[in-house]
Amino acid sequence: MSSVQPEMAELTDSQDRQVHRRIILLRALIVIAFAVLVAQLWRLQMVKGDYYRQAADVNRFRLERDPAPRGVIYDRRGYLLARNMPQNVVAIVPAYLPEDKEARREMLFALADLLDMPLVSAPPTRLTGKGLEPAMEPEPEAKPGILEILEEAQLAPYRPAILKRGIPRETAMILEEEHLDWPGVLVLTEPVREYLYGPLLSHVLGFVGPIPQEQADEYEAKGYDPNRQQVGLTGLEYTFEEDLRGQDGQKMIEVDVTGREVRTVGEPQPAVPGYNLHLTLDLELQQAMEDALRRELKTLYKKQGAAIAMNPQTGEILGMVSLPSYDNNQFTGGISREELQALQDDPNRPLVNHAISGMFPPGSTFKIIVAAGGLEEEIIDIHTHYYCGGILWLPNRFYPDDPSLAQPFYCWIHHNYQGHHGSLSIISALGQSCDIFFYQLGGGYRDQEGLGPEKIAYYAELFGMGAKSGIDLPGEAPGLIPTAKWKRINYSESWVTGDTYNMSIGQGFVLATPLQVLNAAATIANGGTLYRPQLVREVVDGEGHVVRAFAPDVIRQLPVSPENIDIVRRGMRAAVAGPGATAWAINVPGVAVAGKTGTAEFFVDRNKDGLPDRDREGHLPTHAWFVAFAPYENPEIALVVFVYGGGEGSAAAVPVANEILNYYFSRR
């Protein structure tokens, strides 16, 4: 009994010590855990405090861009041509989307169905059309789906990424109703460009659109957001992008758990609107010009033509029409690939401004340049007469005495009526548009000296041919004034007298835009000053203050004497009111008009047989031209009309010009 009690006492002491050690260990663990907790709290509060406060602010606050209103555009009389209208935009903020994968999947499927856009983009198909300006070349890739947009947006998960623009009001209301169930989906409002007259002015105004992918870095360096901002891609919208764009504002907003704005924090930085443009163009005249040209095209069963009106004393463009046209409003909201493909595949190239980008043989309108050069170089004077017998037989250069080898060059009067003009002076030759007179003036005949190809090219370039005029529109073509060197390089052939003959009447290799033909005639009209054509009169801020005004811009004063310019003017007057006038149909009551018709043969091979198309009589197709100015004494308008494949200038282009001039002077 006595031996058992000590053993029990020892066991009790051992257990007490073990319990004591455990209590000590537990206390130590509690102290360590508390120390770790304190250390972690210290790290969170003191060491990492700023970081986590910033992270919380990122969740709660967002810097929102306030798009600047783009400047609007007016005509010379104050009519509004382009403005901004609000549109609904759907954006998505990746950071606020549901964390549950199944919930997120269901929401994105429903969103794709509501917006009628794919979750994943379709395989790309390359567009094949031609004729777009470089700045407006479409992206060949298919539009991205919702998942692609989300993936790209993960780089800035708290920043709204645009899913779709221009959604209907009903869709926006549905999204607003679902905002609690669809966190991270926002409905925003941003301005969209509206062109009030669509096709009437599309080639002049152009349009805005998303920044082209290949130019994203360039625009980003200028302060643009390539993912959200739009820029001018063609027309004046492109040329005056820096003036029209304005400066975006910004504001700091507090958002709720769904990413929606609760309040504005601090003082917002307001957007600065872009400057407005006041054009030289007259809207009512523009409409009258298009109506007249469209009616004539319909009468002739033609599709393509151009008309331009200019103030010859300043270079201001009063109207510029190119047909066929397109509706630039199609592009501002995002044109479909099918619509764009149809425009590109149209053989009449509605996306091209034929008034400045189309290069065509100018025909007899070119004779005013040859006349001025011949007079100034003293090849002829006002008393010189050349004889037109309907056909000029150019002797063979190697066998000049063998008439069987001579090459015939025809005058249009023989070509059409088997007739001839007889003896003509320079005034009557211009008035009756005699080809044989200008063959001899330009290329000479037998022992008679001609102006020659170098001098013809020299004067053509003085009048603005063969180079861009510098008009404030993109896509202008330079035309072509050929030389002997150019022919050797491009055709590996020598220049011959026949080339000079053809050049003298605006045929052969000579190409010009309607704007170049007009500017040459305007230079004759004003006495010899070549102006740079202008479409913008002034840039104005939102309060009406003129930021920049555009004065007449003289390219050069032609080295042609006033007396010789006056002789050419008299010849152009004779083309309207002289004996045998080719533009006799011009009739503007009380106004003296001067002008010059043109009928220019051209090559086309519609059946792809390698040969030029001809009519039943074997004639090549012809473009119709007419260029004019009025009043003759003190010109205030110069006008060119061009009808592609329209036939005779006197039959197709003159009636259009007559209607336009009568409208213009009826408003005085």
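Computed from the coordinates by the stated procedures, all read-outs in this text should not be read as laboratory data. None of the values given here were measured: they were computed from a predicted structure. In this analysis, Cβ positions are derived from the backbone assuming ideal geometry, glycine residues included, and neighbour counts consider all displayed protein chains.
In whole angstrom, note down how far apart the Cα centers of region 376-405 and region 298-362 are.
Computed from Cα coordinates, the inter-centre distance equals 41 Å.
Provide LYS143, LYS298 in ascending order of the number of other Cβ atoms located within 10 Å of each residue's Cβ, fewest first. Walk me through the numbers on the way to the answer.
Working: LYS143 16, LYS298 10.
Listed from fewest to most nearby Cβ atoms, that is LYS298, LYS143.
What FRET efficiency comes out for ASN634 versus ILE391 if R0 is 45 angstrom and r is the Cβ-Cβ distance? Round to the nearest 0.05.
0.65
Just grab the label-to-label distance for ASP100 and ARG83, each label 7 Å out from Cα along the Cβ direction, in nm (one decimal).
4.8 nm
By per-residue mean of other Cβ atoms within 10 Å, what is the highest-first order of 516-526, 641-651?
So the order, starting with the most tightly packed, is 516-526, 641-651.
Quick one: 3J(HN,Hα) in Hz for region 68-81, Karplus 6.51/-1.76/1.60 with θ = phi - 60°, rounded, Gly and Pro as x.
Result, rounded to whole Hz: 6, x, 6, x, 9, 10, 10, 7, 5, 9, x, 6, 6, 10.
Given H placed on each backbone N at 1.01 Å, which residues far from GLY145 in sequence or on other chains put an amide H within less than 5 Å of it?
SER121
How big is D for region 472-535, in µm² s⁻¹ as a whole number, if Stokes-Einstein is applied with the Kirkwood radius of its Cα pairs at 20 °C and 1.002 mPa s? List each step's numbers first, then the result.
Working: Rh = 13.7 Å.
Value of D from the Cα-based Kirkwood radius: 156 µm²/s.
Identify the trypsin sites (Lys or Arg not before Pro) of region 578-646 meeting these criteria: DSSP loop state and at most 13 other C-beta atoms within 10 Å of the C-beta. Walk me through the intermediate numbers first.
Details: sites: LYS596, ARG606, LYS608, ARG614, ARG616; in loops: ARG606, LYS608, ARG614, ARG616.
Those satisfying the criteria are ARG606, LYS608, ARG614, ARG616.
Tell me, what ³J(HN,Hα) does each residue in region 206-222 have, in order and in whole Hz, if you take phi through Karplus 6.51 cos²θ - 1.76 cosθ + 1.60 with θ = phi - 60° and put x for Gly and Pro?
x, 7, 9, x, x, 5, x, 4, 6, 10, 4, 5, 4, 6, 4, 5, 8
Translational diffusion coefficient, Stokes-Einstein: compute it for region 555-668 using the Kirkwood radius over C-alpha pairs as Rh, at 25 °C and 0.890 mPa s, and state it as an integer in µm² s⁻¹.
157 µm²/s
Per the helix-only calculation at 222 nm, which mean residue ellipticity applies to the chain, given -39500 (n - 2.57) for every DSSP H run of n ≥ 4 and division by its residues, nearest 500 deg cm²/dmol? Each step should come with its number before you reach the end.
Numbers: 24 runs with 240 residues, N = 668.
After summing the helix terms and dividing by the residues of the chain, the value is -10500 deg cm²/dmol.
With 10 angstrom as the radius, rank VAL640, VAL588 by how many other C-beta atoms surround their C-beta, starting from the fewest.
VAL588, VAL640
Please list, ordered by chain and number, the residues whose modelled amide H lies under 5 Å from the amide H of ASN88; skip anything fewer than 5 residues away on the same chain.
Here GLY166, ILE167 satisfy the definition.
Could you give the spread of the C-alpha atoms of the chain along their three principal axes, from largest to smallest, in whole angstroms?
Rounded to whole Å, the extents work out to 165, 55, 42 Å.
For region 391-447, calculate the relative contact order in percent as a whole number, restricting contacts to Cα pairs under 8 Å that are 6 or more residues apart.
Numbers: 49 pairs, mean separation 17.1, N = 57.
It rounds to 30 percent for region 391-447.
Does a label point 7 Å from the Cα of ARG295, set along Cα-to-beta-carbon, have any residues of region 180-208 with amide nitrogen under 19 Å, and which are they?
200
Search the structure for amide H atoms under 5 Å from the amide H of GLN304, placed 1.01 Å from N in the peptide plane, and list their residues when 5 or more places away or on another chain.
Amide H to amide H, under 5 Å and 5 or more residues apart or across chains, GLN304 pairs with TYR644.
For region 180-195, just list the computed ³J(HN,Hα) in residue order, Karplus coefficients 6.51, -1.76 and 1.60, θ = phi - 60°, integers in Hz, with x standing in for Gly and Pro.
Result, rounded to whole Hz: 6, 8, 10, x, x, 9, 10, 10, 10, 10, 9, x, 10, 6, 10, 9.
Mind checking the log10 I(q)/I(0) for region 494-623 at q = 0.18 Å⁻¹? Debye, one equal scatterer per Cα, no solvent, two decimals.
Log10 of I(q)/I(0), two decimals: -1.18.
Starting from the Kirkwood radius over alpha-carbon pairs of region 149-308, derive D by Stokes-Einstein at 4 °C in a medium of 1.567 mPa s and give it in µm² s⁻¹.
It diffuses with D of about 66 µm²/s by this estimate.
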